[in-house]
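Shown next, in structure tokens, is the structure this report addresses.
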Amino acid sequence: MEDREHNGASFYAFLNEGKLMGSRCGSCRALYVPPRQLCPACYGSNMAWEEMGGTGKLIGFTTVHIGTSEMIAAGYDRTNPYCTGIVRLTEGPAISGQIVGVDAARPDSIAVGTLLRASFVERGAGDGAGRFLAFEPVD
């Protein structure tokens, strides 16, 4: 797909473009999200970018009342918690991200197995501005 290094910087650059990308090993065909420079399965270095469809199922989650400084700056705190979870993508890999479009103050309303799709949230200002991976329930 693209001739970019398989590293975190490239992964976040793709997120800023609204793309959820993984890397596939050219030798054993294993798929990784976030990307890897070397395949942990066969130790191959022939990795190729692959765009994910962006859908998957929620396999675990938690609500956060005291978050990182970035999330506090985004308006989340003890009275406005956020949800973060692990999503098993349709393609197989699992990745973490913020779960939006749910009531984090009522975690009993959030269910493992919920079908989600990738969503990208804008956060920060100036040099710290960027698009970050999130997931929202599919209607």
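The values are calculated or read from the model by the stated rules, or taken from the named source; none is laboratory data. This is a predicted model, so every value here is computed, not measured. Here Cβ is always computed from backbone atoms with ideal geometry, including for glycine, and neighbour counts include all displayed protein chains. The protein model used for the area step is the full one, side chains on, heavy atoms only, and it has no ligands, DNA or RNA in it. Shrake-Rupley method; radii C 1.70, N 1.55, O 1.52, S 1.80 Å.
Things to note:
- Identity of the residue in the stretch 99-124, closer than 25 Å to S69 by Cβ, without any contact (Cβ under 8 Å) to a residue 40 or more places away in the chain and open to solvent by 40 Å² or more (accessible area, probe 1.4 Å), that ends up nearest to the chain's Cα centre (by Cα): E122
- Any hit, the stretch 26-33, residues being of a type in the set (S, T, Y) and touching a strand residue (DSSP E or B) at 6+ places or on another chain (Cβ under 6 Å): yes
- Residue that is farthest from R88 (Cα to Cα), among those in the stretch 1-27 that are in a loop (DSSP other than H, G, I, E, B) and open to solvent by 60 Å² or more (accessible area, probe 1.4 Å): D3
- Matching option when the condition is closer than 18 Å to F14 by Cα and either touching a strand residue (DSSP E or B) at 6+ places or on another chain (Cβ under 7 Å) or modelled with pLDDT of 95 or more (or both), among G85, G92, G97: G97
- Residue identified as open to solvent by less than 40 Å² (accessible area, probe 1.4 Å) and within 23 Å of V112 (Cβ to Cβ) among G67, G75: G67
- Residues of the stretch 55-77 classified as modelled with pLDDT under 95 and within 13 Å of G92 (Cα to Cα), total: 0
- Check on F61, within 12 Å of the chain's Cα centre (by Cα) and either on the phi > 0 side of the Ramachandran plot or not in a loop (DSSP other than H, G, I, E, B) (or both): no
- Residue in the stretch 36-43 that is touching a residue at least 60 places away in the same chain (Cβ under 8 Å) and either open to solvent by less than 40 Å² (accessible area, probe 1.4 Å) or closer than 30 Å to G113 by Cβ (or both) present: no
- Neighbours by Cβ (under 8 Å, 6+ apart or cross-chain): first from the stretch 10-30, acidic (D, E); second open to solvent by less than 10 Å² (accessible area, probe 1.4 Å): none
- Number of positions in the stretch 82-98 that are open to solvent by less than 20 Å² (accessible area, probe 1.4 Å), under 29 Å from R29 (Cα atoms) and either in a strand (DSSP E or B) or among the small types (G, A, S) (or both): 6
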